[in-house]
Amino acid sequence: MAAPAIDPIIKNLLGAPEPEVRATACRMLGGITDQSLGTPVPPEKAVVVVKPLLTRLTTDDQWGVRRRAATALGVLGEVAKANAVVPALIQRMRAERDEVKAACAEALGKIADPSAIGPLVDTLIANRRGATRELRLALTALGPDAIPAIQRALASPETEVRLNATQAIAQIGGKGAVIALASMLKDPDVAIRRVSSDALRDSADARVLTQVAAALGD
């Protein structure tokens, strides 16, 4: 299937009474318009799926359809950034059940719009259930710009939050990660200390010499 199939899918399948058909239609539209493909559908043709997919994401009464719509929107890349997809995914991520929340987080990671960084961190800290892995991977995908915001999660009283935040920063790496990672060498949780020390093995520099030396006694 390619661009000629888009209109028939939207007209004949996306509004079908059967939720399985609507969910399949969302998946098909995502597959056709995926902007990461080697030869993607041109943006001017891909953009026509945005509004109908957003309608499924925000109004469909079946969570399975909403989840498929979120996933399909996530592969639109720059088309999504330019057409109000990111704010809608953020809103649904905050309000949705676990499966749809996870799909929204994953989609935001694929779109990689910096405006999603704060909401992703907030969700990791306060509303991560069912989507912890997807939130961590999304923040990792957003790269070095996400590190300052992720550092807020390093102060969480919850071990799972601190661990996932530390893992995200470690996976992003680079000079901007060094000080944040060194600050976790004294964390009460051994898994967090191990993630930090492993990441610092190749990246530590003079700025964190004191913390690294102190960790030799751990």
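The values are calculated or read from the model by the stated rules, or taken from the named source; none is laboratory data. Bear in mind that the values here come from a model prediction, so they are computed numbers and not experimental data. Note that each Cβ is placed from the backbone with ideal geometry, even for glycine, and that neighbours are counted across all protein chains shown. The area values use the complete protein model at the heavy-atom level, side chains included, leaving out ligands, DNA and RNA. Shrake-Rupley method; radii C 1.70, N 1.55, O 1.52, S 1.80 Å.
If you go through region 130-142 and keep only what is under 19 Å from Glu99 (Cβ atoms), open to solvent by 10 Å² or more (accessible area, probe 1.4 Å) and assigned to a loop (DSSP other than H, G, I, E, B), you end up with just Gly130.
Within region 179-200, the set of residues being more than 10 Å from Asp218 (Cβ to Cβ) and of a type in the set (A, V, I, L, M, F, W, C) comprises Ile179, Ala180, Leu181, Ala182, Met184, Ala191, Ile192, Val195, Ala199, Leu200.
For region 192-218, the tally of residues that are open to solvent by less than 70 Å² (accessible area, probe 1.4 Å), more than 23 Å from the chain's Cα centre (by Cα) and small (Gly, Ala, Ser) stands at 6.
Say whether the condition of being closer than 24 Å to Pro119 by Cα, free of Cβ contacts under 8 Å to residues at least 60 places away in the same chain, basic (Lys, Arg) and buried (at least 19 other Cβ atoms within 10 Å of the Cβ) is met by at least one residue in region 150-160. So far as region 150-160 goes, no, none of its residues is closer than 24 Å to Pro119 by Cα, free of Cβ contacts under 8 Å to residues at least 60 places away in the same chain, basic (Lys, Arg) and buried (at least 19 other Cβ atoms within 10 Å of the Cβ).
Got a sec? Which helices (runs of 4 or more DSSP H) wholly within region 11-129 have at least 2 residues that are within 30 Å of Leu154 (Cβ to Cβ) and either touching a residue at least 24 places away in the same chain (Cβ under 8 Å) or acidic (Asp, Glu) (or both)? Let's see the steps before the verdict.
Values: elements: 19-33, 43-46, 50-59, 63-74, 78-81, 85-95, 98-111, 117-126.
Per the criteria, 63-74, 78-81, 85-95, 98-111, 117-126.
A count restricted to region 1-47 and to residues that are open to solvent by 80 Å² or more (accessible area, probe 1.4 Å), farther than 16 Å from Val65 by Cβ and among the charged types (D, E, K, R) stands at 4.
Determine, yes or no, whether Asp98 is at pLDDT below 95, open to solvent by 10 Å² or more (accessible area, probe 1.4 Å) and closer than 28 Å to Ala146 by Cβ. Steps first, answer last, please.
Values: at pLDDT below 95: yes; open to solvent by 10 Å² or more (accessible area, probe 1.4 Å): yes; closer than 28 Å to Ala146 by Cβ: yes.
Here the answer is yes, as Asp98 does meet what is asked.
Within region 161-185, the residues that satisfy the criterion of being farther than 24 Å from Asn127 by Cα and either open to solvent by less than 10 Å² (accessible area, probe 1.4 Å) or assigned to a helix (DSSP H, G or I) (or both) are Lys175, Gly176, Ala177, Val178, Ile179, Ala182, Ser183, Leu185.
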